[in-house]
Amino acid sequence: MDTYDLIIIGAGPAGITAAVYAARKKMRFLMVSKDIGGQAAWSGDIENYTGYQFISGPELVHKFEEHMRTYGIDVKEGEEIIGIQKLKDVFEVRTAKSVWQAKVLIICSGKRSRELGVPGEREFRNRGLTYCATCDGPLFSGKDVAVVGGGNSALDAVLQMMRIARKIYLINNTAVLGEDAVMREKVTASAMVTVINNARVVSVLGDKMVRQIVISRDAVQSVLDVQGIFVEIGLIPNSEFIPAIEKNHLGEIVVNKRNETSVPGIFAAGDVTDVPEKQIIIAAGEGSKACLSAFRYLAQQPFP
Amino acid sequence: MAKDVKVYSTPTCPYCVRVKQFLKDNNVVFQDMDVSVNQAMAAEMISKSGQMGVPVLDIDGDIIVGFDKGKIQQSLGL
C-alpha cells in the first residue's frame, strides 16, 4: 500500500489550514473528512476573523476551501473514520470505504452537537427535531416550538425563533439561564417565551412529525404540544474513533504547545483538543502549528 | 434536454449554500425555492421529502435530502 507522509483528519478551519501548510512544505498527504468547513460552516455572522470585518460562516468556509483547492489537495470528502491503528512504522486509517497509511497524523475532527439521549430523538431528527436553529428555524413559521438548553446558544436560538414561531418554551435543566445578560433579558421579557427551569426532557412524541415533548420537573411529568424542538445543549468532541490517546474529562484530546498528543507521530489541532478557547481563528492557528510540528517530527525520523 | 432541478433551501443553512455553489460550478440551472419566505414551498418540500431538514433537491421527481454529492452527480449524470 501507498504510504503518505501525512493524513489530516477533518476539514474545518484547523484541518484546512494544516493542509495549506502541508502543501507549501511539499508533503505527500491526504485529507479525510466527513464534510468541509466543520462547525465554521454552521456559524452565522463572524466579525472576529482578522482581515474580514464581517463575513458569514459559509462564506468564510468557501474562502478557506478556495485557498486549499489552489494547491490541488487530495480531499476524501464524506468519509468517517472508524479506526486508527499503529502498525510497525506507520498508522493505518480506516473508513467504511477505504484504508490508507501515513507516517504521521493530524487530527482536526472538531466537535458536534450533543444529543439528548431520550426516546424519540433519533426517530424525529429532521422531522421537527433539529440541532440547527439557524438552518431550519424558518420552517417553523407560526408554530409552537421548544428550545432545549440553558446556555448562550439556547438563548440565541430563542431570539431567532422569536421572529418566526408563535410560542416558544425554553426548557432548561438548571436553575438559571446562560450568562449573557442582554440575551437573557430579551428572552425573559418576551410574552412569546415561557421559561421552564429545572426541567429535563423525558421523550419526544409524534406521528410522522414531532407533536409533543414530555418533560419532567420535580419528578412531575408534563406534556407540551409543539411542532418543533431545537436541541442546544452544547458540543462534544469527535474523538471516539481514537481510544488509545490521552483525553481530558470532556473527551478532548490533550495536546502540548507543539500540538503533540500522547502518541508520538499523532498531532491534533482545533476544537477536538483541550486548547483553551474555541474560536475559528484559534483553530486555524493551531492547524498551522500542528503541521509545522509534524513536518519537523518527520524530518527527524529515520524512516526507510 | 436539461433536467428540471429545484433546490428547497433557507438562506442561512450552510449546506444549502454549498449545494447551490456545487450546481453553479457544474453549470446546472436550478430553481431556488426559499422556504423561509414561502410557506407553500415549505409545505411542498415537507410533503415531497417526508421530513423538514434543508436542503432538499427535486431533480425531475428524484428527491435527494441533504448535500449528497454522489447522489446528485448520479441523478444529473455529471
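The values are calculated or read from the model by the stated rules, or taken from the named source; none is laboratory data. Predicted, not measured: the structure shown is a model, and the values here were computed from it. As a convention, Cβ positions derive from the backbone with ideal geometry for all residues, glycine included, and neighbour counts pool all protein chains shown.
Could you tell me whether B:Q74 is on the phi < 0 side of the Ramachandran plot, free of Cβ contacts under 8 Å to residues at least 60 places away in the same chain, in a loop (DSSP other than H, G, I, E, B) and of a type in the set (S, T, N, Q)? Before you say what the answer is, go through the steps one by one.
On the way: on the phi < 0 side of the Ramachandran plot: yes; free of Cβ contacts under 8 Å to residues at least 60 places away in the same chain: yes; in a loop (DSSP other than H, G, I, E, B): no; of a type in the set (S, T, N, Q): yes.
Considered against the rule, which asks whether it is on the phi < 0 side of the Ramachandran plot, free of Cβ contacts under 8 Å to residues at least 60 places away in the same chain, in a loop (DSSP other than H, G, I, E, B) and of a type in the set (S, T, N, Q), B:Q74 comes out as no.
Could you tell me how many of the residues in region B:52-64 are surrounded by 19 or more Cβ atoms within 10 Å (Cβ to Cβ) and closer than 27 Å to A:A165 by Cβ?
The qualifying residues number 7.
With on the phi > 0 side of the Ramachandran plot and away from chain B (no Cβ under 14 Å) as the only criterion, which of A:G149, A:G142 stands out? Talk me through it step by step, then tell me what you get.
Values: A:G142 fails: away from chain B (no Cβ under 14 Å).
Of A:G149, A:G142, the one residue that is on the phi > 0 side of the Ramachandran plot and away from chain B (no Cβ under 14 Å) is A:G149.
Go through region B:23-53 and give me each residue that's closer than 19 Å to A:H62 by Cα and within 11 Å of the chain's Cα centre (by Cα).
The one that is closer than 19 Å to A:H62 by Cα and within 11 Å of the chain's Cα centre (by Cα): B:L23.
Please work out if A:I73 is part of a loop (DSSP other than H, G, I, E, B), more than 14 Å from every other protein chain (Cβ to nearest Cβ), aliphatic (A, V, I, L, M) and in contact (Cβ under 8 Å) with a residue 12 or more places away in the chain. Please lay out each step first, then the result.
Details: part of a loop (DSSP other than H, G, I, E, B): yes; more than 14 Å from every other protein chain (Cβ to nearest Cβ): yes; aliphatic (A, V, I, L, M): yes; in contact (Cβ under 8 Å) with a residue 12 or more places away in the chain: yes.
Taking the combined requirement at face value, the residue satisfies it.
Based on what the data block shows, is B:D60 out of contact with any Leu (no Cβ under 6 Å at 6 or more places or on another chain), of a type in the set (D, E, K, R), on the phi > 0 side of the Ramachandran plot and away from chain A (no Cβ under 14 Å)? Lay out the reasoning, then the answer.
Working: out of contact with any Leu (no Cβ under 6 Å at 6 or more places or on another chain): yes; of a type in the set (D, E, K, R): yes; on the phi > 0 side of the Ramachandran plot: yes; away from chain A (no Cβ under 14 Å): yes.
Answer is yes for this residue.
Out of everything in region B:32-41 that is touching a residue at least 12 places away in the same chain (Cβ under 8 Å) and either within 8 Å of chain A (Cβ to nearest Cβ) or on the phi > 0 side of the Ramachandran plot (or both), what residue ends up being surrounded by the fewest Cβ atoms within 10 Å (Cβ to Cβ)?
Filtering region B:32-41 down to residues touching a residue at least 12 places away in the same chain (Cβ under 8 Å) leaves B:32-36, B:41.
Of the ones still in play, those that are also either within 8 Å of chain A (Cβ to nearest Cβ) or on the phi > 0 side of the Ramachandran plot (or both) are B:35-36.
On the way: B:V35: 27, B:S36: 20.
Of everything passing the filter in region B:32-41, B:S36 is surrounded by the fewest Cβ atoms within 10 Å (Cβ to Cβ).
Filter region B:1-18 down to the residues that are among the basic types (K, R) and not in a helix (DSSP H, G or I), then identify the one that is farthest from the other protein chains (Cβ to nearest Cβ). So that I can check it myself, show each step before the final result.
Initially, region B:1-18 is screened for residues among the basic types (K, R), giving B:3, B:6, B:18.
Narrowing the set further to residues that are not in a helix (DSSP H, G or I) leaves B:3, B:6.
Details: B:K3: 23, B:K6: 16 Å.
Once the filter is applied, the top-ranked residue is B:K3.
Looking at the structure I just gave you, is A:G38 of a type in the set (G, A, S), touching a Gly at 6+ places or on another chain (Cβ under 9 Å) and more than 15 Å from A:Q279 (Cβ to Cβ)?
On the way: of a type in the set (G, A, S): yes; touching a Gly at 6+ places or on another chain (Cβ under 9 Å): yes; more than 15 Å from A:Q279 (Cβ to Cβ): no.
No.
For region A:199-237, what are the residues that are under 18 Å from A:E123 (Cα atoms), of a type in the set (A, V, I, L, M), touching a Lys or Arg at 6+ places or on another chain (Cβ under 7 Å) and assigned to a loop (DSSP other than H, G, I, E, B)?
Scanning region A:199-237 gives a single hit, A:M209.
Over 25 Å from B:P11 (Cα atoms), at pLDDT 95 or above and not in a helix (DSSP H, G or I): which single residue out of A:A175, A:A102 fits that description? I'd like the intermediate steps shown before the answer.
Working: A:A175 fails: at pLDDT 95 or above.
Just a single option satisfies the conditions, and that option is A:A102.
I need the full set of residues from region B:19-45 which are hydrophobic (A, V, I, L, M, F, W, C), part of a loop (DSSP other than H, G, I, E, B) and under 12 Å from A:F140 (Cα atoms), in order please. Full working, then the answer.
Within region B:19-45, the subset hydrophobic (A, V, I, L, M, F, W, C) is B:19, B:22-23, B:28-30, B:33, B:35, B:37, B:40-43, B:45.
Filter once more, so that each one left must be part of a loop (DSSP other than H, G, I, E, B): B:28-30, B:35, B:37.
Answer for region B:19-45, where residues must be hydrophobic (A, V, I, L, M, F, W, C), part of a loop (DSSP other than H, G, I, E, B) and under 12 Å from A:F140 (Cα atoms): B:V35, B:V37.
Starting from region A:263-279, take each residue that is in contact (Cβ under 8 Å) with a residue 24 or more places away in the chain and surrounded by 24 or more Cβ atoms within 10 Å (Cβ to Cβ) and list its partners that are of a type in the set (K, R) and in a strand (DSSP E or B), counting only C-beta distances under 6 angstrom and pairs at least six apart or across chains.
Note: pairs meeting the criteria are A:D271/A:K111.
Among the residues that make up region A:43-51, is at least one of them within 14 Å of chain B (Cβ to nearest Cβ), part of a loop (DSSP other than H, G, I, E, B), farther than 21 Å from A:T273 by Cβ and in contact (Cβ under 8 Å) with a residue 60 or more places away in the chain?
For region A:43-51, residues within 14 Å of chain B (Cβ to nearest Cβ), part of a loop (DSSP other than H, G, I, E, B), farther than 21 Å from A:T273 by Cβ and in contact (Cβ under 8 Å) with a residue 60 or more places away in the chain: present.
More than 10 Å from chain B (Cβ to nearest Cβ) and either assigned to a strand (DSSP E or B) or surrounded by fewer than 18 Cβ atoms within 10 Å (Cβ to Cβ) (or both): is that true of A:V158 in this structure?
Values: more than 10 Å from chain B (Cβ to nearest Cβ): yes; either assigned to a strand (DSSP E or B) or surrounded by fewer than 18 Cβ atoms within 10 Å (Cβ to Cβ) (or both): no.
Criteria not met by A:V158.
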